[in-house]
1. Please report, ordered by residue number, every helix of chain B (full DSSP H runs) that is 18 Å or longer along its axis going by C-alpha atoms and whose mean Kyte-Doolittle hydropathy reaches -0.5.
2. Could you tell me the center-to-center distance, by alpha carbons, between the stretch A:59-95 and the stretch B:28-72 in angstrom?
3. Can you give me the distance in nm between label points at A:A57 and B:E66, each placed 7 Å from the Cα along the Cα-to-Cβ direction?
4. What nm value, rounded to one decimal, do you get for the distance between A:D208 and B:E182 when each label is placed 7 Å out toward the C-beta?
5. Once you have a ≥ b ≥ c as the square roots of the Cα gyration tensor eigenvalues for the protein assembly as shown, tell me rounded if a/c is under 1.5, and otherwise prolate or oblate according to whether a/b is larger than b/c.
6. Across the residues of B:68-80, average count of Cβ atoms on other protein chains within 10 Å?
7. Around B:L205, with a cut-off of 10 angstrom between Cβ atoms, what is the net charge of the other residues, counting Lys and Arg +1 and Asp and Glu -1?
8. Determine the distance separating the Cα centre of the stretch A:205-257 from the Cα centre of the stretch A:9-26; give it in Å without decimals.
Amino acid sequence: MIWVTWRQHRAQILVTAAFLVLLGMLLLGSAVEASRYVAEHAPPGCPGVAVACGDLAVALGQRYEAVYSIFGWMPLVAPALIGAFWGAPLLGREYERGTHRLAWTQSVPVGRWLAVKLSLLGGAVVAGGLLLSLMVSLWRPVFRTGADSTFGNIGVFNMVGVGPAAWWLYAFALGTAAGTLFRRTLPAMALVVAGVAVSMFTLFQLSDYYAEPARTELSGTVLPADPDARLVSAAWVEPSGREVAEPADSGCPRRVDVGQSSKNAEAWQACLFGKGYRYAVYYHPPSRFWRFQWTDGGILALASAALVGLAVHRTLRRPG
Amino acid sequence: MRPALEATGLGVRYRRTWALRDCSLSVPAGRVAALVGPNGAGKTTLMHAAVGLLRPTLGSVRVAGEAAFVAQDKPLYESFTVAEMLAFGRRMNTRWDDAADRLAGLGIPLKQKVSGLSGGQQAQVALTLALACRPDLLVLDEPLANLDPVARHDVMRSIMAEVAGRELTVLLSSHVVSDLEETCDWLVVLNGGRLQVSGDIEDLLDGHLVLTGPEGASAAGTQVVGASRVGRQVSMLVRGAPPLDPRWQARRPGLEELVMGYLRSPESAALPGLTGVGA
């Protein structure tokens with residue numbers, strides 16, 4: 001059964017492994033090159049948040065634009081591909097070609113066939129996701145010491161910790177379930193791509209409620225001190241201490257900004273602060289990184305279990 | 001002797017339509033049973049229930065020992081080589097005979113990809129896989145469909161060689177009766193999801209007569225399965241003793257005539273236990 005699984009899915013396994021190796025080499029190469037560049041060009045104390053590091057960060061950004069853009073797409077594209085090429089064909093292709101009637105009429109019972117394939121391939125997918133996360137975690141500090149964005153930036157957040165493993169497993173389970181639903185590969189692939197995108201958006205929206213947001217009152221600025229925090233909501237606090245969504249009768253002139261300028265909004269905010277208003281922000285601080293990682297991971301693991309359960313149920317109920 | 005295949009009150013429903021209902025039959029061990037009926041009669045459904053590909057809605061179906069199945073269109077993994085297909089069979093079965101010699105004997109190269117084989121060769125590989133796990137019951141769904149006449153003959157001969165060599169029961173379906181005439185000794189006729197005939201072919205042929213005679217001749221004393229009219233001539237398939245009216249000419253039916261007679265009269269049935277005809 002292990003040999004059968006390997007023989008039937010070796011194309012996906014080898015391509016994914018090759019992709020990870022290639023990405024590893026790319027990350028390693030860019031990290032080595034970047035640290036050499038940093039050693040030559042960086043002022044003391046950089047990279048970091050200091051003003052003097054700005055030039056360096058911009059220069060690094062320009063040098064590695066290609067790597068960054070691959071990186072930007074990967075949180076969405078990688079799980080979608082895993083779901084489409086590992087999950088969707090697992091049962092969809094068997095049904096499509098009629099080979100399920102060959103596979104499930106041998107001595108090995110259907111239940112065992114499913115158990116071996118799902119655990120081996122699911123395990124491989126999780127291992128691949130963890131490897132990706134490890135590589136990214138080792139690579140990122142070279143570029144961003146001090147100014148972290150692993151929590152605030154959802155793309156990065158989904159590429160580190162248990163994120164990739166959870167998303168890959170979820171996409172695999174979704175593809176498998178879609179394969180039993182359509183009994184065809186192509187529609188199942190399409191469903192995986194759409195499903196992963198929708199799930200990622202939904203989970204991001206949902207993540208605001210993973211914990212009670214922290215509250216802090218700002219004066220003089222509307223931006224929280226930690227740029228890596230996730231902003232949930234904000235409100236104005238009147239001098240009387242009452243919290244309002246929009247200050248009324250403040251006496252500050254509010255003009256609409258044109259184009260990309262925010263000059264008028266800033267003037268209005270400065271006027272409000274001058275009159276004793278404060279700005280309350282509700283946010284999740286980056287210290288909640290692991291709490292959010294495990295919550296996302298837990299939800300995705302449960303969803304994967306449910307989808308696999310659905311696929312197994314549908315398969316066992318009517319194998320023919 | 002224990003029957004190789006036994007169905008009791010078997011019913012299978014897909015959503016709202018019954019593909020098979022109230023089907024009770026038993027095929028004795030060692031027989032080559034032909035499962036005949038028009039498209040949509042429930043042949044494939046009966047076979048899938050027998051090999052465990054679907055669960056009966058009602059009743060049960062039991063196979064004595066191990067069953068091997070070759071589905072319609074003889075599915076194989078197209079990207080596998082023939083040798084890999086054999087490795088697949090070996091790893092997926094508890095009982096396994098090395099079948100490489102059999103394929104070599106048929107001139108099928110083991111290193112060839114399955115997708116590069118002819119239809120007849122693919123049928124032989126599928127059949128070889130099914131035989132290599134030494135089944136007690138071999139179930140073949142339309143094994144001869146989409147094959148040229150030479151391949152049909154070769155496949156049929158392969159099956160017969162296996163049956164002669166050991167204790168093997170075969171259930172094979174076809175909607176072409178003439179394919180089965182020489183090889184099968186048991187007949188099962190399905191029509192519209194109902195079982196019409198199940199019995200030993202020789203006994204069935206002996207128990208029926210084709211009568212031809214003028215319109216108006218009396219058929220009293222016989223059980224009429226079905227009748228057809230050509231001009232003033234009446235031709236009918238009857239069961240039991242010939243009638244007394246001397247204007248009838250009686251002869252033994254052929255297998256095809258027998259099958260057609262029943263298929264044209266879905267309300268008739270020849271089942272052991274119901275009518276006493278057959279085994």
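1. Working: long enough: B:119-132 (20 Å, 0.77); B:149-165 (24 Å, 0.25).
Helices meeting the span and hydropathy rule in chain B are B:119-132, B:149-165.
2. Measuring centre to centre over Cα atoms gives 45 Å.
3. With each label placed 7 Å out from Cα toward Cβ, I get 6.8 nm.
4. Placing both labels 7 Å along Cα→Cβ, they lie 7.9 nm apart.
5. Here the protein assembly as shown falls in the prolate category.
6. Taking the mean over all residues of the peptide, I get 4.
7. Charge balance near B:L205 sits at -4.
8. Between the Cα centres of the stretch A:205-257 and the stretch A:9-26 lies a distance of 46 Å.
Since every read-out is calculated from the coordinates, none of them should be taken as a lab result. Source: prediction; values computed, not measured. With ideal geometry, Cβ positions are generated from the backbone for all residues, glycine too; neighbour counts draw on all protein chains shown.
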